[in-house]
Amino acid sequence: MQEIQSLMGGFAVAMSWFNLALMLAGVTLGVLIGVLPGLGGANGVAILLPLTFSMSQQPGGATSAIILLSCIYWGALFGGAITSILFNIPGEPWSVATTFDGYPLAQQGRAGAALTAAFTSSFVGALVAVILITFISPIIARFALQFGPPEFFSVYLLTFSAFVGMSKGTPFKTITAMMTGFALAAVGIDTVTGQLRLTFGFADLLKGFDFLIAVIGLFGIGEILLTIEEGLEFKGAQAKLNMRVVLDTWKELPKYWKTSIRSSAVGCMMGIVPGGATPASFMSYGLAKKMSRDGEKFGTGIVEGVVAPETAAHAAGTSALLPMLTLGVPGSPTAAVLLGGLLIWGLQPGPLLFVEKPDFVWGLIASMYLGNIVGLIVVLTCVPLFAAILRVPFSIIAPVILVICAIGAYTVHNSMFDVWLMLVFGIAGYVFKKLDYPMAPLVLALVLGDRAEDSFRQTMLGPEGSLGLFFSNPLVGTITGASLLLLFWPLISSAIAVARGRNGNRRGG
Amino acid sequence: MQANKPVASTRTAELAMAGLFLAFGTLVMWDTRRLGVSWGDDGPQAGYFPFYIGLFIVVSSAFNIFRALNLGEKGRAAFVEWGQLRMVLLVMVPTVVYVALIANPWFSLGIYLASAIYIAFFMWYLGKYRWARIAPVSLGVVVFFFLMFEVWFKVPLPKGPIEAAIGFN
Amino acid sequence: MEKRTFAKGLLAAVVASAFSVFTPAFAWEPTKTVEFIVPAGTGGGADQMARLTQSIIAKHNLMKQSMVVVNKGGGAGAEGFLEVKGAKGDPHKIIITLSNLFTTPLATGVPFNWKDLTPVRMLALDQFVLWVNKDNPAKTAKEYVSAVKAAGPGKTKMGGTGSKQEDQIITVALEKQSGAKFTYIPYKGGGEVATQLVGKHIDSSVNNPIEAVAQWRAGNLRPLCVFDNERMPYKTKIAGDMSWNDIPTCKEAGVDTDYVMLRGIFMAGGVTPDQVQYYVDLLEKVRQTPEWKKFMEDGAFNQTALTGKEYADWVAKAESLHQGLMAEAGFLAKK
């Protein structure tokens, strides 16, 4: 139980008033950053890096610096859910799946419940991930090393398989939407050959279609346009505004323990590999929908549909720090900036960091526990406040939201072109919704498309590349097999049903 | 003109949308010609996946067009009514003007001034608020964003004459 | 009208309290926030260097205005370069370069050239080292390359960052020199390449020192040679009893290939000599700080730092070098 001892030492480092104050400040800032799309966690952390530079020169300062920065990260993870639930605008990419049930809940006047469920599940996911990091980080680090291109591809395939078959309505619209997402993901430079694709000579298309811009437009602006058709008001204004809602929701949450465990596992795996928090949230939502007894009701506004993606996103976001610390591979853009920070402070992330700077590492791990507790308290006490935003009259809040969307779209690449693009996506979102083109597959394809294609083609490079590589060892074989099974499950299950039916008939006849 | 009179039928909208997708898919396929669409020695070429993606879009859009033509009664239902379209345009047109005001080749206001005007207009025209209410809201929001982005987080957003006048650009 | 005056007054008051702006009459100085553009994503080598520079400037108060780092890595950096190209005469934008200053326009045909920009100064040169997994039987670069040659084409995987960029160019140069054939696997980031090498998904890499040093120290990777014509000068022990200085040059090791990557600063075209001089001096001050020196040593950089005409000449030479290498490798964009 050497870990416990080290962890206690870590708590001793992290538990100073100064550090606790930093945590509070970091989490609050992070929530603010997470709420505003465009001012993402990576941005927030990058901007505060110079500040921490002088901090890190004092003894123990590097620990304080990373506590501040990682708490911004936790805060942003928490904050991303808020606008997803209230306005259908994901503040961060990993909150997209949270909108599927969170926003309908808010429309039914249950914004408080949705927020509480989101925050609490985030906390649970993070806690599971931190415990994992505390006790079995060496094993995890070795697991991550197993992942080469075929393994990554199989994980992306699993994400898709978990998610398809979700939408009702005609399959042709789903295919159209999903393929459009893939096509948009292909715009820009091709990683494998370095060729430009689908840019048609326009400089603005070189950078490709950013996920966030598409999502702000399709979900956020599209939703405002749909709302306004019916008149100048938001539904869900009757949300309850007291702390009772937190306790009531907590009573409900233990029912979803299976979903919580499954989502934590999915999240931890995707964080460590590192596949990222966004695919983790989609995969977890898809699996929950397929496996839950209330599967049919997913997407209509049920608490379980908020629990699944939020648990996974936060578990992934937290465990993504492990490959960063032990391998020097960032699991997310924010982790990439944190990694740069470590190097600037004179710390070298890598296998030896745990040995050489135990104070720093265990201080950081302890701050993960404390920072998440602080974060949970901060955001939960604010639930009534957040829900109250829905009571602001529509003709005040709508223009403010649109301004936030415009700023968010602009900051992604500092480009006005993106703001126009967002408006186009907004109109598209409005029409898609009215004509039942599902947007979730489009968004998922947009976020995973190029990564899946890259890892597929990396696998195929060279004369030895063949499809057999996706079954070449037990790890990749299992994941590929599981994804194929999931993908064809509807066919398989109906085949089984038909076979049984025939047997039954024969017996009857 | 009656508010509940349909602007377009669902069939028309379906056909238009599927047609757009068809064109988009064709465009995607057309671009892959120069990239190579075959499965070479080194696995799929750069245009391999985009080509089939485009093909899928074209084929499924064709099915969607076919479906739209056979919608029957449902296809005659309104896609959007005049009253609804009016509301949507009431939001969309000012928003387009707003984005154009932020930055354009002739007269850019910058994002802050444009946002203040936009929020004020929205509250005045759609919300029928008084100026005593409008001014603090629109200015307060804009000043908050200014502090947040330009001062605290140093995220440069498009700026215009006002920011230049106060020596902040 | 009243409201606008009020807005103006309020903004003025807010800003005046947060900032005070001085505009001295002598020598040029920035009059507003300087954008430091990184034509690559967050977390990479160029990004780290830019953020370190920004931090040092902020910490030592080297500039009255503030500096922000802006990542514009779209289209293999074309996004950032096109932005600076388009900002003709704007002295408040500087850009740090990778080799993509040369490789991106050559490989993609995107219209920009370093001559559209104003060279400010070189900060350092980044080294490349040939790395293999610790379990690889080859002890020297010569042994490794011979083994690759003996195995035949397609048997050995070389991992690197990006396609038709520096890592792949070095790989091609190495192939040409030795006759060995690699399968080049492009990844998105240097850290990822190092990890893939530890996990044995690839056989070797040409990572920068800073990207692979942690795994070297942990004993997971082994450096074979450095692609420069001189050994790295740093003699502090890094891994076991090895220092950067103990890594032979590839020429010494019998595979005569060299390549260094420019880490230099450029401004937009059409700026005045005064303005260029300001940044030359500013960056010189940055280079003198202990933080910078430590960073140079940690990353085992080649500290050559040219300015003025020498710098421009170096860049011109590097451009023709890239042109030649890429033409031979067949990486040039079809016209």
Along region A:219-233, what does the Karplus equation 6.51 cos²θ - 1.76 cosθ + 1.60 (θ = phi - 60°) give for ³J(HN,Hα), rounded to whole Hz, x for Gly and Pro? 7, x, 5, x, 5, 4, 5, 5, 4, 6, 3, 8, x, 8, 8
Taking a ≥ b ≥ c as the square roots of the eigenvalues of the Cα gyration tensor, with a/c under 1.5 meaning rounded and otherwise prolate when a/b exceeds b/c and oblate if not, region A:257-365 is prolate
State to the nearest 20 debye the size of the charge dipole of the protein assembly as shown about its Cα centre, where the only charges are +1 on K and R beta carbons and -1 on D and E beta carbons. 2240 debye
Dipole of region C:146-270, Cα-centred, from +1 at each Lys and Arg C-beta and -1 at each Asp and Glu C-beta, to the nearest 20 debye? 300 debye
Would you order A:345, C:28 from fewest to most other beta-carbon atoms within 10 Å of each residue's own beta-carbon? C:28, A:345
As straight-line cross-link partners of residue C:93, the qualifying lysines (C-alpha separation under 18 Å, not fewer than 8 residues apart within one chain) are B:154, B:159, C:32, C:64, C:72, C:85, C:115
Could you work out the mean count of beta carbons from other protein chains within 10 Å of each residue's beta carbon in A:405-417? 5
Using the Cα centre as the reference, give the magnitude of the dipole from point charges on the C-beta atoms of chain C (Lys, Arg: +1; Asp, Glu: -1; all else neutral), rounded to the nearest 20 debye. 500 debye
With a 10 Å radius around each residue's Cβ, average the other Cβ atoms per peptide and rank C:324-334, B:26-36, highest first. B:26-36, C:324-334
In whole Hz, what ³J(HN,Hα) sequence does region C:310-323 give by Karplus (6.51, -1.76, 1.60; θ = phi - 60°), x for Gly and Pro? 4, 5, 4, 5, 4, 5, 4, 5, 4, 5, 5, 4, 5, 3
Residues meeting the amide H criterion for residue C:38 (H placed from the backbone, H to H distance under 5 Å, 5 or more places apart or on another chain) are C:70, C:71, C:72
Excluding residues on the same chain fewer than 8 positions from residue A:173, give the lysines whose Cα lies under 23 Å from its Cα. A:289, A:290, A:297, A:433, A:434, B:74
Whether the protein assembly as shown is rounded, prolate or oblate, judged on the alpha carbon gyration tensor where a/c under 1.5 counts as rounded: rounded
What does the C-alpha gyration tensor say about the overall shape of region B:103-165? Classify as rounded when a/c is under 1.5, otherwise prolate if a/b is larger than b/c, or oblate. oblate
Return the average number of partner chain Cβ atoms within 10 angstrom of each residue Cβ along peptide B:90-102. 5
Among B:55, B:65, B:6, whose Cα sits farthest toward the positive end of the charge dipole of chain B (+1 at Cβ of Lys/Arg, -1 at Cβ of Asp/Glu, about the Cα centre)? B:6
Could you tell me the calculated FRET efficiency between residue C:155 and residue C:242, based on Cβ-Cβ distance and R0 = 30 angstrom, to the nearest 0.05? 0.55
Grab the beta carbon distance between residue A:226 and residue A:492, set R0 = 51 Å, and tell me the FRET efficiency rounded to 0.05. 0.85
Lys and Arg at +1, Asp and Glu at -1: neighbours of residue B:159 with Cβ under 13 Å from its Cβ sum to -2
Taking R0 as 45 Å, what's the FRET efficiency between residue B:4 and residue A:242 from their Cβ-Cβ distance, rounded to 0.05? 0.65
Report the local net charge at residue A:344: Lys and Arg +1, Asp and Glu -1, summed over other residues whose C-beta lies under 9 Å from its C-beta. 0
Residue-wise, which Karplus ³J(HN,Hα) couplings in Hz belong to region A:444-454, taking 6.51 cos²θ - 1.76 cosθ + 1.60, θ = phi - 60°, and x for glycine or proline? 4, 5, 5, 7, 9, x, 6, 5, 5, 5, 4
Once amide H atoms are built 1.01 Å from N in the peptide plane, which residues 5 or more positions from residue C:121, or in another chain, come under 5 Å H to H? C:265
Distant-in-sequence amide H partners of residue C:201 (H built 1.01 Å from N, under 5 Å): none
For peptide B:30-38, what's the mean number of Cβ atoms from other chains within 10 Å of each residue's Cβ? 3
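Here, each number is a calculation from the coordinates, and none is a lab measurement. Since the structure is predicted, the reported quantities are computational estimates derived from the model, not experimental observations. Note that each Cβ is placed from the backbone with ideal geometry, even for glycine, and that neighbours are counted across all protein chains shown.
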